[in-house]
Amino acid sequence: MLDYQDGYLRRSLTGTSGVLVEDFEDGRSVLISEGDVLVLQASSPSCLRREFNFHKGARLVFWQLHPFNFIPNVLPLVTTFAWATQHPEIYRLLLTAFRSVKRRRVVEFVKLLNRKRALFFYEQPSVRMTEQLLGCRIEDPILLPVPVAAPGTPPRCARLAQDSLQIAWVGRLYDFKIHILAHTLRRFSDYARQQQTSITFHVIGDGPERRRLDGLDLEHRFFKIQRVGDLDPKLLSGYLASKADLVAAMVWEFRPWKAL
């Protein structure tokens, strides 16, 4: 595995049996040897790092872990991808009008990867969003969900305190993710006030959109927000088990494909 010295994967996997971690540095060439398989998060071909030096016998695999990995920006016309999820047809028209060459190259790249069976998607809604925004069909896509450890028997725990409710949210404070978090905070704040029920909401994570939470003004007598910030992945399960009665999460719901 290649990662920066302070990279997330390095921090998560250091000490894991069977995983060899090697340093990645900006500007330093890295040889991908014959027989090696380099797995990268999906991106347009122009984003491939120049530091990679591929042997002709090496293989490359892309794993799409973000709905907009392949989608070019049309800045400054659209400043966030959150808007694109609500108006995919308009975004595709803007992309075609202002970034047509870029769009065509990305579409050709996606189709090439798919033909070579070198492209994996983590969920079907992301396939549909990629199709809608790029305006292409992805035939027989390969789905590879993010693996997580699941207990054999669902744990059953009593409420941490009968007179209060502890709720947690885990995720980066980033782009399209921040809006549903703000909405969730508003709903629980309203619920706590109406029911006069004490709720503490633990926000686990950090990111460039943290400022959007600063001005929400949702706290009151019955509702408190606990900003935890980034948490070591090895400590996350223990934190949730000891601090949370309920964990809220984001769910994607994209509209089905519409003919161009």
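Quick notes on this one:
- The Cα center of the stretch 102-160 and the Cα center of the stretch 1-65 differ in position by 20 Å.
- Antiparallel DSSP beta bridges within the chain, percent to nearest 5: 5 percent
- Rg/Rg_globular for the stretch 1-154, with Rg_globular taken as 2.2 N^0.38 Å and Rg from C-alpha atoms: 1.18
- Phi angles across the stretch 126-135 convert, under the Karplus curve 6.51 cos²θ - 1.76 cosθ + 1.60 with θ = phi - 60°, into 3J(HN,Hα) values of 5, 4, 5, 5, 4, 4, 5, 6, 8, x Hz, Gly and Pro given as x.
- Accessible area of the chain belonging to carbon and sulfur atoms, whole % at 1.4 Å probe: 52 percent
- Contour minus Cα-Cα distance for residue 117 and residue 214 (0.36 nm per residue): 30.5 nm
- The stretch 1-142, accessible area per residue, ligands and nucleic acids excluded (1.4 Å, Å²): 58 Å²
The values are calculated or read from the model by the stated rules, or taken from the named source; none is laboratory data. For clarity, every value in this text was computed on a predicted model and none was experimentally measured. Protein only, heavy atoms only, side chains kept; ligands, DNA and RNA dropped before computing areas. Shrake-Rupley method; radii C 1.70, N 1.55, O 1.52, S 1.80 Å.
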